[in-house]
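Worksheet: one structure, shown below.
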There are 2 protein chains.
Amino acid sequence: MLTVDFIGAGNVATRMATGLHRSGVKVRHIASRSTESARTLAGATKATAVPIDSIGRGASMVIVAVNDDAIRTILDMAQPQDNDTVWVHTSGSVSMDVFDPMKFPRHGVFYPLQTMSRGLDVDWSRVPLFTEGSSAETESMITDTARLLTPRVTHLSSDKRRQLHAAAVIGCNMAVYLWSLSETVMREAGLDFEMMRPLLEVTLERTRSLPPTEAMTGPARRGDLHTIEGHMRSLPPQIAGVYGFLSWEILKIYHPELTDRI
Amino acid sequence: MLTVDFIGAGNVATRMATGLHRSGVKVRHIASRSTESARTLAGATKATAVPIDSIGRGASMVIVAVNDDAIRTILDMAQPQDNDTVWVHTSGSVSMDVFDPMKFPRHGVFYPLQTMSRGLDVDWSRVPLFTEGSSAETESMITDTARLLTPRVTHLSSDKRRQLHAAAVIGCNMAVYLWSLSETVMREAGLDFEMMRPLLEVTLERTRSLPPTEAMTGPARRGDLHTIEGHMRSLPPQIAGVYGFLSWEILKIYHPELTDRI
């Protein structure tokens, strides 16, 4: 029977352990810096909270679901009990090389492309999971486990995973930053950001039939310098700076002749 | 009975005329630089295609739904037939002052916060419409007409409408630009942008309970310079430039002490 241990009891560990538990996987042990979090998650998955150096005993797989910066420290502290146990981390930006092959002969990566938050349940069937393994056999074991959570499983090397993670930061985190600027401007005009939601939803939906590189619209895409100048005059300085920079980048691609003239 | 004429037969005019026609408004005349487009839209709304100088005869309202840059030219060409007719444009960035009050004594703005595309039908009930009028009476007539399309009608002055439009460009058009960069990076890694969709959908949904200014995550928000540097090394130069600029802007807000050290 497939048995899984967890190091970490934060958002990712919680969503992943709960998802695997629901899919019939035996979640055996949970270790966390916070004993209380470990106990809570253990309670929810019929597992046992244990100290970190007990993790891995008899487990097919150990999932290290902690902050990127903590992975190396945690792996130093861990005491693998069995050479057959597969150790994976869940990070998008940390290379598989973080595992010392002498200490962890079977290792790999188990990276879900999704934001996990405490309040929001995860529909695992829609989450793409990217896997990597230290050998074909290990990779195949990791992939089989991933398929218990979601059909969307893809092998990805550490280099390409880093690219994917950068793409996610640009397309998601930085889009949220632009939404936050938008929210600030709307608030100054006495308007609620909720009014922008239908536009954003329709636009995201539209990229199903028209990919983003083709779906682009707006004054910079059209080369409408008059509107760009009007907007920049109406925006607070810090936001005008971001607006100007991004408009310039878009103009450089679609209207290079205009950037020569400015 | 409320009768409406249109100048323009593009995406906005088409969606608006069709929506008003469905709501029981009599769409009487359509004028467009393209006679064929005017005829097509007239056919769909039981209206008649006419030359621009015949527009407005007996109409309660004329909706000028043309490109921002063309509004002034079109208003110069128009021949208002009746001082009671209310003339409106549909632009987010053009001031109400574009109307000469001698020629158009009753005028205003009828601005929908939505992208209209030929292929995609519009659910008007979800579209926020922003109105402005040259007098209280005119404003009220415009608002009543807007309410036939959607319950989400808000009065907005030209200045605030320009701010809203800038907010929409930042939050929507520029987010699409970031998605297009994300798509480019994913394509280079052999991945399909569709894989990013669940993440973007969940993130947008999440801003219902957690507004964007609070929902922000990612390496710059966390002050994780190590990941930022790793990403920048893995990105093509133009995209790394945008990534670096936006990371810097986010760091300035949330981790100013780090920008002093770099």
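Consider B:L129 carefully, then state whether it is open to solvent by less than 20 Å² (accessible area, probe 1.4 Å) and more than 7 Å from chain A (Cβ to nearest Cβ). So B:L129 passes the test.
Go through the residues of segment B:244-262 one by one and say whether even a single one is under 20 Å from A:S158 (Cβ atoms) and not assigned by TED's automatic domain parsing to the domain that holds B:G92. Within segment B:244-262, none of the residues are under 20 Å from A:S158 (Cβ atoms) and not assigned by TED's automatic domain parsing to the domain that holds B:G92.
Let's see how each residue does on (1) within 15 Å of the chain's Cα centre (by Cα); (2) closer than 30 Å to A:P198 by Cβ:
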| position | (1), (2) |
| --- | --- |
| A:D84 | no, no |
| A:G92 | yes, no |
| A:K103 | no, no |
| A:G108 | no, no |
| A:D123 | yes, yes |
| A:A136 | no, no |
| A:L164 | yes, yes |
| A:A175 | yes, yes |
| A:L181 | no, yes |
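When segment A:41-72 is filtered for residues that are basic (K, R), farther than 30 Å from B:L225 by Cβ and modelled with pLDDT of 95 or more, only A:K46 remains. Close contacts from segment B:69-81, counting a first residue that is under 13 Å from B:P101 (Cα atoms) and a second that is part of a helix (DSSP H, G or I), with Cβ to Cβ under 7 Å and a gap of 6+ residues or different chains, come to B:L75/B:V98.
Inside segment A:120-150, residues that are in a loop (DSSP other than H, G, I, E, B) and among the charged types (D, E, K, R) make up a count of 2. Could you tell me whether B:I239 is touching a Ser or Thr at 6+ places or on another chain (Cβ under 8 Å) and at pLDDT 90 or above? Yes, satisfied.
The values are calculated or read from the model by the stated rules, or taken from the named source; none is laboratory data. Quantities reported herein were computed from a predicted structural model and do not represent experimental measurements. We place every Cβ from the backbone using ideal geometry, glycine too, and count neighbours over all the protein chains shown. Ligands, DNA and RNA are excluded from the accessible area calculation, which covers all protein heavy atoms including side chains. Shrake-Rupley method; radii C 1.70, N 1.55, O 1.52, S 1.80 Å.
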